[in-house]
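*Asks:* Here it is: the structure, laid out below.
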Ligand code: WT7
């Protein structure tokens, strides 16, 4: 038997050693024993980080939905696969069994086929957290189409960019969405986006909020009538191990969003294996990850990882504050949640509301707590541990990325002793390295550096859609023969890792990864703006908030700075989404620049964080005088 379920620290070390001494044998055993293949591989792994080219389980044939659904039908047909918890607590939750899921995915897959979607075609999914979201993702996978889920909080411009980049031929959306006490006109956003998307010929529209929306003749179709007519069985398309399963966009420090491409077999094996171990999922457990399926966390740990293990996974449509700040805890009590996985920003927001909300609900079902998305601060960690876990539930602080597909550094619940703010140990098969600025690996403990990974793992992204060169430049060029994560980290005296944050121009706001460049581009479109620079500054709840330094073309022109601030945030909302709005905007006469013209963000970051005691060397600046001026007028 392979080591599918690790139970104590000694076993972790033992399995870890095996996984790095002989990765191919290790992953082959896991793949062989725990998944359903139509044909086995010829080769477990081939790789070359200089190209870069990575192939896992080459030659194997499979369909991931057979692994997530069909194979459970015999033993778990009546088990609940997905619990749908609606935005409004008065609306009844839905329990979708594996058998029902099979039927709904098959029907949806047939609708896709009837509408001209086939293997390799890209389908954009722009839906709220309703069952159709998970079902449409699985339906794409059923027929070998590549899904590209765009988070339904993104603006029409952001949506259009993503649709065009991967030339999606279909968009799946809904008439609208609920978000707390508000409704959002999703279809209106899609209509606006599609004005610039000639590649899309069909839009399938799910009904959720029952508003009157306009349907474009020949392009838009209501989903339900098509599902009603569809056949309830659909043979899975058998794909190659390395065929793309999905594209998911993530922001970079420069340029347009990167369409990370994940392939089928390696992604499946790794997400399933990490899910089972990190959360110690047991057959009768109810698991809840509060993320949206629009992010990688939802792809890997709401849909694929849990379903591959035959788990019961919750999809929550709403927000933590509606109808009040007790909503999460009410859901935990109602569905007797055993594993609960959320983000530091949510924990901080809930902690701020005090413990009264917690006390009203029975949280005794909880066994494991998880966190992901950004470094968790000590205070939030302890609040989570004391009040939610009552010091009895281990906290798994899981570090990973859209690009990594699955959890990379994390405790294994009950096996790895936790340590506040530490993601602790590399997961099985993961070989991290800390690098210095000269490109040398820093060996030993009690050191810090830039975090790289030295060896391939099954769920790593294989390329950036349409731009392999950018994939190479971004991840494989900073250090020879290593994947560079963009994060800094330290390793303590026992080898535990603590992620210290991004070392590039990506800012994490409420767990959302935002590149500075696209926001600056948006601001610069305002006719009064000459130049801008965005930095992050510490924020109690969001972790980081955005601080913008803006220089104007003519200072006298805009006397009303508050209006100007509003207009700038309006442009950002339109182009990127409300998540990227600036908390503070300071108008300045100039931005500190190096002689080569690069904005010195290091200085701006310190000023925005009120940390001006040591600004470092400013002598190399082209215009050192602006620094004092900016400091004098800081907000
Ligand atoms: C970046 C990746 C992986 C799903 C959510 C984010 C930061 C993520 C942690 C953690 C410290 C973390 C990193 C990483 N990050 N998890 N547990 N501790 N930092 O995916 O949007 O691709 O962002 O999020 O900086 O590089 P993403």
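Any read-out appearing in this document is the output of simple, stated calculations on the displayed coordinates, not a laboratory observation. A quick note: this is a predicted structure, and the numbers were derived from the prediction, not measured. Here Cβ is always computed from backbone atoms with ideal geometry, including for glycine, and neighbour counts include all displayed protein chains.
*Asks:* For a protection proxy built on the mean count of beta-carbon atoms within 10 angstrom, sort 130-141, 538-549, 206-217 highest first, please.
*Replies:* 130-141, 538-549, 206-217
*Asks:* Can I ask one more? How big is segment 68-126 by the Kirkwood estimate over distinct Cα pairs, in Å?
*Replies:* The Cα-based Kirkwood calculation yields 13.4 Å.
*Asks:* What number does segment 24-90 give for Rg over Rh if you use C-alpha atoms and the Kirkwood radius?
*Replies:* 1.19
*Asks:* I'd like the distance separating the alpha-carbon centroids of segment 425-467 and segment 355-373, in whole Å.
*Replies:* The two parts, judged by their Cα centres, are 33 Å apart.
*Asks:* By its C-alpha gyration tensor, with a ≥ b ≥ c as the square roots of the eigenvalues, how is segment 236-302 shaped: rounded for a/c under 1.5, else prolate for a/b larger than b/c, else oblate?
*Replies:* Oblate, because a/c is 1.5 or more while a/b does not exceed b/c.
*Asks:* Divide by every residue of the chain the summed helix terms, -39500 (n - 2.57) for each DSSP H run of at least 4, and state the resulting mean residue ellipticity at 222 nm, rounded to the nearest 500 deg cm²/dmol.
*Replies:* -8000 deg cm²/dmol, from helical runs alone.
*Asks:* How would you rank 195-204, 320-329, 504-513, 408-417, highest first, on the average number of other Cβ atoms within 10 Å across their residues?
*Replies:* Final packing ranking: 408-417, 504-513, 320-329, 195-204.
*Asks:* Taking the Cα centre of each part, how many Å lie between segment 127-160 and segment 39-72?
*Replies:* Cα centroid to Cα centroid, the span is 23 Å.
*Asks:* For the chain, just run the numbers: alpha carbon Rg, then divide by 2.2 N^0.38 Å, N being how many residues it has.
*Replies:* Working it through for the chain, the quotient is 0.95.
*Asks:* Oh, and also: Calculate how many DSSP beta bridges within segment 510-633 are antiparallel, expressed in % of all such bridges and rounded to the nearest 5.
*Replies:* Roughly 70 percent of the beta bridges in segment 510-633 run antiparallel, per DSSP.
*Asks:* Under a point spin-label approximation (7 Å from Cα along Cα-to-Cβ), what is the residue 629-residue 195 distance to one decimal in nm?
*Replies:* Taking the simple label geometry, residue 629 and residue 195 are separated by 3.8 nm.
*Asks:* At q = 0.09, 0.13, 0.19, 0.20 Å⁻¹, work out log10 I(q)/I(0) for segment 40-148 with the Debye formula, treating every Cα as an identical point scatterer and leaving solvent out; two decimals please.
*Replies:* After summing over all Cα pairs, the log10 values are -0.33, -0.63, -1.04, -1.08.
*Asks:* A further question follows. Taking the Cα atoms of segment 398-522, report the difference between the largest and smallest coordinate on each principal axis, in whole Å and largest first.
*Replies:* 44, 33, 28
*Asks:* Still on this structure: From largest to smallest, what semi-axes in whole angstrom does segment 510-633 give when each is the square root of 5 times an eigenvalue of its alpha carbon gyration tensor?
*Replies:* Equivalent ellipsoid semi-axes, largest first: 22, 19, 13 Å.
*Asks:* What order, most packed first, do the peptides 149-158, 467-476, 351-360 have when packing is the mean number of other Cβ atoms within 10 Å of each residue?
*Replies:* 149-158, 467-476, 351-360
*Asks:* I've got another one for you. Hey, could you get me the Stokes-Einstein D for segment 444-516, Kirkwood radius over alpha-carbon pairs, 4 °C and 1.567 mPa s, rounded to whole µm² s⁻¹? Spell out each step's value before the answer.
*Replies:* Numbers: Rh = 13.8 Å.
My calculation gives 94 µm²/s for D.
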